[in-house]
Amino acid sequence: MSEDRRRAAPVGAAWCSGEVRRKEVSHSRDCSPDRGGPHQHICRGIFQIEKRSCDVLLTASRLEWTAIEPESPAGDDATISQREAEFLELKEVFAVKMKRRRSMKQHNGGTLLGIAIFVCVNKGQNKLKHRVIHLSNLSEDHCNIWFKYLKDLLNGFFPNRPKSLKVIINPYSHKKEAKQVYHEHVAPLFKLADIRTDITITEYEGHGFLVLKECDIQEFDGVVCVGGDGTASEVARALLLRAQIDAGKDVDSNFTPVRAPLPLGIIPAGSTNILAFSVHGLKHPVTAAMHIIMGNLQEVDVCTFSSHNRLLRFGFSGMFGFGGRTLALAEKHRWIPSKERREFAVIKTLANLKSEDCEISFLPSKNTHLDNQERKRNGNGTNAEEQCSEDEWKSMQGDFINISIMAIPCLCSMAPRGLAPDTRLDNGSMSLIAVRNSTRADFIKHLKQYGNLNNQCNFPFVETYTVQEVKVQSRIENRWADDTSEEKADFGSRCPSVVSLKGNCPWNVDGDLMEDSSEIHIKIYSHLITLYGRSIEECDESTVQCGCL
């Protein structure tokens with residue numbers, strides 16, 4: 001047997017004849033991946049997979065292989081027996097590489113071992129990882145043919161998969177571990193998938209916003225941020241504001257925003273990671289990276305927060321009252337580690353629990369939802385949608401401990417059902433949760449319910465509505481100011497700024513403090529931004545308790 005034939009035949013002699021090899025290679029060259037349907041045969045050959053000799057078949061949609069058994073030694077009529085075929089859907093493949101053995105000092109070339117196929121695997125509980133399938137064959141010609149066809153199929157059939165990404169890393173996020181998370185867990189996967197990256201390490205608050213405002217975003221297929229909720233919120237707002245600038249929108253008027261131009265990927269490296277939890281179901285950088293690599297896209301609704309027709313910011317959720325006071329107190333103690341700072345702020349705010357005198361006006365959604373308590377308060381359990389037209393505003397006023405308006409479920413490790421469990425990422429409505437004045441003990445019971453799968457809104461002082469628009473007007477005099485000067489009050493300066501609390505409560509919008517106004521108008525817009533990920537409809541049967549409660 002010639003040297004070329006020995007290299008092409010790493011399996012048993014019965015399947016290594018020149019005739020068989022020539023037939024298979026000839027078949028490979030006669031077929032093209034752009035002809036026929038999804039089951040059209042493209043090429044066929046013999047590889048060793050998991051130390052077994054296999055007959056491997058490539059079609060336009062899958063890779064199939066069957067283990068080959070040697071001939072019966074008894075020489076009877078049963079010549080060859082084959083096991084049940086295994087297969088792999090090509091839509092699960094994200095990279096194909098030639099596998100070679102190299103010495104320590106060797107950077108190129110090397111002894112060919114075969115082809116390595118990298119596959120995205122769902123490990124359960126929303127977690128994604130990757131595994132490698134090795135197709136071993138020592139023939140350069142044979143492997144080159146297979147490698148070419150596999151690469152052509154991957155490049156032609158998956159247009160949503162990014163080839164170039166703008167990456168923004170916040171090195172100060174959480175325990176200053178964002179750079180390590182990216183370079184250890186994410187960058188190797190991007191390199192495997194042949195994704196080009198342009199990385200910016202932010203140096204100050206609002207740096208990522210300015211980068212996206214000035215860069216040529218047409219060079220990229222998507223944007224990736226590595227950090228916590230503050231980083232994700234800043235980058236999302238930057239994409240949306242960039243879209244309004246490019247579209248010539250006047251944000252100081254009553255305008256209809258346009259969609260963000262690029263999808264956003266979020267690599268969780270913060271303390272709570274609410275946005276990442278809501279689109280991935282867990283805090284797992286590899287899962288987030290795999291969603292980006294595979295091009296899994298999820299449309300997400302976004303709110304506008306405005307005052308007197310002037311846009312204050314885009315956001316996914318906002319809290320006024322307890323949520324705002326807690327964040328303001330935490331921002332004053334940034335020197336405390338994040339977990340301890342959060343628990344300190346919650347306990348301190350509970351010790352000085354206050355209510356806000358407000359008037360809330362809202363426009364019910366077409367699919368208005370009221371929880372069981374609200375239905376009972378309506379007398380006969382009638383849905384509010386049946387009592388008013390969809391264009392009729394409703395209002396309520398009084399003392400409220402906390403007011404939450406959320407366009408996403410706001411899942412996190414401390415709230416497995418989410419802060420707004422009846423909200424979805426893309427259903428075109430917001431959840432309004434108004435907590436009226438109550439005793440401290442009852443309010444703590446309400447907070448504790450977020451840590452398990454019980455209904456946290458099942459209290460007589462908690463009212464929930466599904467709405468399209470909300471207006472919150474404080475009925476006491478504004479007695480606090482922020483540190484933002486007039487010189488910074490331009491369009492590009494609408495980044496997070498720490499607010500000095502003097503009297504009234506600020507707004508907590510996506511984990512950032514927002515400037516106060518006598519009236520805040522929140523309106524939802526469907527599918528305004530696209531995130532890499534997917535909708536998480538179910539959560540684990542778990543109970544998580546906050547240490548401070």
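The values are calculated or read from the model by the stated rules, or taken from the named source; none is laboratory data. Because the structure is a prediction, the values reported are computed rather than measured. All Cβ positions, even for glycine, are placed from backbone atoms using ideal geometry, and neighbour counts span all protein chains on display. SASA here: full protein model, heavy atoms, side chains in, ligands and nucleic acids out. Shrake-Rupley method; radii C 1.70, N 1.55, O 1.52, S 1.80 Å.
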Exercise for the section: Enumerate the amide H contacts of S53 below 5 Å, restricted to partners 5 or more residues apart or on another chain; note that Pro and chain-start residues carry no placed amide H. Expected result: I68
Fill in the blank from the handout: Taking 0.36 nm per residue of separation between K105 and F87 and subtracting their Cα-Cα distance, the length gained on full extension comes to 2.7 nm
Practice task
Using the structure shown, list the pairs from K99/K163; K175/K354; K354/K523; K129/K283; K51/K191; K175/K348 with a Cα-Cα distance above 25 Å, or answer none.
Solution key: K175/K354; K354/K523; K51/K191
Handout entry: Vicinal HN-Hα couplings computed from phi for the stretch 192-200 (Karplus, 6.51 cos²θ - 1.76 cosθ + 1.60; Hz; Gly/Pro x)
Key = 4, 7, 6, 9, 7, 10, 10, 9, 10
Practice task
Pop out the carbon and sulfur fraction of the accessible area of the stretch 250-301 as a percent, whole number, probe 1.4 Å.
Solution key: 48 percent
Fill in the blank from the handout: Expressed as a percent, the accessible surface of the stretch 104-164 that is carbon or sulfur, using a 1.4 Å probe and the full set of protein chains, is 52 percent
Problem - Percent carbon-and-sulfur accessible area, the stretch 423-465, ignoring ligands, DNA and RNA, probe 1.4 Å - result: 45 percent
Problem - Whole-number accessible area per residue in Å² for the stretch 177-327, which is evaluated in the context of all protein chains at 1.4 Å - result: 34 Å²
Problem - Segment E340-F157, length gained on full extension (0.36 nm per residue, minus Cα span) - result: 61.0 nm
Practice task
Based on the mean of other Cβ atoms within 10 Å per residue, sort peptides 517-530, 182-195, 311-324 so the most packed one is first.
Solution key: 311-324, 517-530, 182-195
Practice task
Compute the length gained on full extension between D250 and D399: take 0.36 nm times their separation in residues and subtract their Cα-Cα distance, giving the result in nm to one decimal.
Solution key: 50.1 nm
